[in-house]
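Below is one structure, written out as structure tokens; the observations come after it.
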Amino acid sequence: MNFPEQYWELLRARFRNQFPEFYAKLPALAELIRLNKPIGIYLLLWPTIGALWIAARGVPDWSLLFIFIIGTAVMRSAGCCVNDFADHVIDGQVRRTEQRPLVRDALTRQDALLCFITLSLLGFALVLLTNQKTILLSFAAIALVAIYPFMKRYTNLPQVILGLAYSWGILMAFAAQTNAIPQIAWLLFVANCLWTVAYDTQYAMVDREYDLQIGVKSTAILFGDMDKMMIALLQGMFVFALWLAGRQLEMGLMFNLGLLVASALLLYQQFLIKDRFPGPCFKAFLNNNWVGAVIFIGVLLGMPIN
């Protein structure tokens, strides 16, 4: 064992001895915040840093880029904590979630709540490094993250709340970079809300059989037999809204090419969900990572730099 390995092993041993209970919970905490399933971070990250690039009309401030990348990961993780806090009973009745840490008693609800508070405070500390407008917007962001998991008990539109939460970073990115929220930011915000509702409906299709039995509400249940058509409609409006944004921003050919590739991926998702089988529906949901990545690359290559 070389010196760096010895050094880190010594630190781990010291940490384990000083905080044995917390150390024992670390694997379960990593599961709680979905470090093993980063898809939510990607879906939140692509539109947020894309908005930052657009707001800067090129390369954004590196400090802001760091703040928003870390902040995105932190707040998505906080959202997972409050989600499992809210759904600890529901999760035990759904095959996909029956092994989550709170269900199998690897963690308590108090652990999840403390983790949510800690991560939210960390995210807020990052926002304090920006400006007043961004700080004010962050309060609404935390509120959306906190209330979303409870909405599935009261409305068939929890995916809309998630859309607002997953799109709020766009407004914050513009506020942080320009100290303003221009009209184009709202167009991008609406576009991302449409996309989020579409892919989270795909996600809800995976658990629809269980949700109907236990009384959980979702757009997948609301849309019923029209689910595939509604997802296609939402996806079409998403692409159209981005195309309008591209025209206003005078984006180049590469942005439109990115939209074309993204559209092909969305069509592929329609093929995946055609029979409504849970496995392919989940695969369609995961495929949205590539949609976000392709559009972000289009922004990078198509943005006219002033």
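The values are calculated or read from the model by the stated rules, or taken from the named source; none is laboratory data. As the structure is a prediction and not an experimental result, all values here were calculated from the model. Note that each Cβ is placed from the backbone with ideal geometry, even for glycine, and that neighbours are counted across all protein chains shown.
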Checklist line | Evaluation of Asn179 against (1) farther than 20 Å from Phe240 by Cα; (2) crowded, with 24+ Cβ neighbours inside 10 Å (one fails), failing number | finding: (2)
Next item on the list: Using the structure shown, decide if Ala140 is without any contact (Cβ under 8 Å) to a residue 60 or more places away in the chain, in contact with a Phe, Trp or Tyr (Cβ under 9 Å, 6 or more places away or on another chain) and assigned to a loop (DSSP other than H, G, I, E, B).
Entry: no
Note to self: So, Gly215, is that one out of contact with any Asp or Glu (no Cβ under 8 Å at 6 or more places or on another chain) and on the phi > 0 side of the Ramachandran plot or not?
What the structure shows: yes
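Among the helices (runs of 4 or more DSSP H) lying completely within region 187-306, list those that include at least 2 residues that are crowded, with 21+ Cβ neighbours inside 10 Å and among the hydrophobic types (A, V, I, L, M, F, W, C).
So the answer is 227-248, 253-272, 278-302.
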Item checked: Tabulated pairs, region 9-37, first at negative phi, second hydroxyl-bearing (Ser, Thr, Tyr) and modelled with pLDDT of 90 or more, C-beta under 7 angstrom, 6+ apart or interchain -> Ile33/Ser77
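Mind checking which residues of region 143-159 are assigned to a helix (DSSP H, G or I) and either surrounded by fewer than 17 Cβ atoms within 10 Å (Cβ to Cβ) or among the hydroxyl-bearing types (Ser, Thr, Tyr) (or both)?
Scanning region 143-159 gives Ala143, Ile147, Tyr148, Phe150.
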Next item on the list: Kindly indicate whether any position in region 14-26 is closer than 25 Å to Asn289 by Cβ and either surrounded by 15 or more Cβ atoms within 10 Å (Cβ to Cβ) or at pLDDT 95 or above (or both).
Entry: no
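In region 83-120, how many residues are of a type in the set (Val, Ile, Thr) and either assigned to a loop (DSSP other than H, G, I, E, B) or over 22 Å from the mean Cα position of the chain (by Cα) (or both)?
4
This table checks each residue for (1) under 24 Å from Tyr210 (Cβ atoms); (2) of a type outside the set (A, V, I, L, M, F, W, C); (3) modelled with pLDDT under 95.
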position: Ala78; (1), (2), (3): no, no, no
position: Ala86; (1), (2), (3): yes, no, yes
position: Asp91; (1), (2), (3): yes, yes, yes
position: Ala106; (1), (2), (3): yes, no, yes
position: Phe116; (1), (2), (3): no, no, no
position: Leu119; (1), (2), (3): no, no, no
Check: Residue check: is Leu129 more than 16 Å from the chain's Cα centre (by Cα), in a loop (DSSP other than H, G, I, E, B) and closer than 27 Å to Ile184 by Cα?
Finding: yes
